[in-house]
């Protein structure tokens, strides 16, 4: 199984994804590493990405997932997956999508405190504008990403019923 940890910027995807990968003893892939340099520069300049900008990024994440699944190996990858169409593209057999739900005030606070990242806090508004929260008809585990990270990880592991290493 491949877990895809999603949510807006600042929701804790990287921290939770790394913790899950460590607990499960599987490879971890960071969504930001799949962005082109042009996309990174665009975001660093305070410009939101368009759907067209995101397509090669999503394709690269899907390729990583497909490689894991074809090799019958597990993994954890992060991806904002803000739109239903993005989640639909990621939702291959053998993939479990997790959405870290965090309120705007908490996100703003987290992004203001974050240092050394190309994504400026000012872009949070664009993330919330394009966000289509997972609906009840989607097979997405929604968890409260504002909870302490260890609790979030435990809730995810229980929700997807996978065993972690002791």
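The values are calculated or read from the model by the stated rules, or taken from the named source; none is laboratory data. Not measured: the values here are computed from a predicted model. Cβ sites come from the backbone with ideal geometry, for glycine too, and all protein chains shown count toward neighbours.
Residue 4 - would you say it is in contact (Cβ under 8 Å) with a residue 60 or more places away in the chain and part of a strand (DSSP E or B)? Full working, then the answer.
Numbers: in contact (Cβ under 8 Å) with a residue 60 or more places away in the chain: yes; part of a strand (DSSP E or B): yes.
Considered against the rule, which asks whether it is in contact (Cβ under 8 Å) with a residue 60 or more places away in the chain and part of a strand (DSSP E or B), residue 4 comes out as yes.
For the stretch 43-64, name all the residues that are out of contact with any helix residue (DSSP H, G or I) (no Cβ under 7 Å at 6 or more places or on another chain) and either closer than 20 Å to residue 132 by Cβ or in a helix (DSSP H, G or I) (or both).
Here is the first cut: in the stretch 43-64, the ones out of contact with any helix residue (DSSP H, G or I) (no Cβ under 7 Å at 6 or more places or on another chain) are 44-45, 47, 50-52, 54-56, 59, 63-64.
Once the filter is applied, which keeps residues that are out of contact with any helix residue (DSSP H, G or I) (no Cβ under 7 Å at 6 or more places or on another chain) and either closer than 20 Å to residue 132 by Cβ or in a helix (DSSP H, G or I) (or both), the stretch 43-64 yields 44, 50, 51, 52, 54, 55, 56, 59, 63, 64.
Is it the case that some residue within the stretch 154-161 is under 18 Å from residue 32 (Cβ atoms), out of contact with any helix residue (DSSP H, G or I) (no Cβ under 7 Å at 6 or more places or on another chain), assigned to a helix (DSSP H, G or I) and modelled with pLDDT under 95? Give the derivation first.
Filtering the stretch 154-161 for residues under 18 Å from residue 32 (Cβ atoms) gives none.
No, the stretch 154-161 contains no residue that is under 18 Å from residue 32 (Cβ atoms), out of contact with any helix residue (DSSP H, G or I) (no Cβ under 7 Å at 6 or more places or on another chain), assigned to a helix (DSSP H, G or I) and modelled with pLDDT under 95.
Out of curiosity, is residue 36 farther than 16 Å from residue 157 by Cα, surrounded by fewer than 21 Cβ atoms within 10 Å (Cβ to Cβ) and either without any contact (Cβ under 8 Å) to a residue 12 or more places away in the chain or out of contact with any helix residue (DSSP H, G or I) (no Cβ under 8 Å at 6 or more places or on another chain) (or both)? Reasoning before the result, please.
Values: farther than 16 Å from residue 157 by Cα: yes; surrounded by fewer than 21 Cβ atoms within 10 Å (Cβ to Cβ): yes; either without any contact (Cβ under 8 Å) to a residue 12 or more places away in the chain or out of contact with any helix residue (DSSP H, G or I) (no Cβ under 8 Å at 6 or more places or on another chain) (or both): no.
Against the criterion (farther than 16 Å from residue 157 by Cα, surrounded by fewer than 21 Cβ atoms within 10 Å (Cβ to Cβ) and either without any contact (Cβ under 8 Å) to a residue 12 or more places away in the chain or out of contact with any helix residue (DSSP H, G or I) (no Cβ under 8 Å at 6 or more places or on another chain) (or both)), residue 36 does not qualify.
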For this session: From 68, 42, 18, grab the single residue that is at pLDDT 95 or above and more than 20 Å from residue 148 (Cβ to Cβ).
Result: 68
Exercise. What residue, among those in the stretch 2-15 that are more than 14 Å from residue 82 (Cβ to Cβ) and modelled with pLDDT of 95 or more, is farthest from the chain's Cα centre (by Cα)?
Worked result: 2
Problem set entry | Leading residue by the ranking (modelled with the lowest pLDDT) among those in the stretch 21-31 that are more than 13 Å from residue 2 (Cβ to Cβ) and surrounded by fewer than 19 Cβ atoms within 10 Å (Cβ to Cβ) | 30
Exercise. For residue 85, which of the numbered conditions (1) under 14 Å from the mean Cα position of the chain (by Cα); (2) free of Cβ contacts under 8 Å to residues at least 40 places away in the same chain fails to hold?
Worked result: (1)
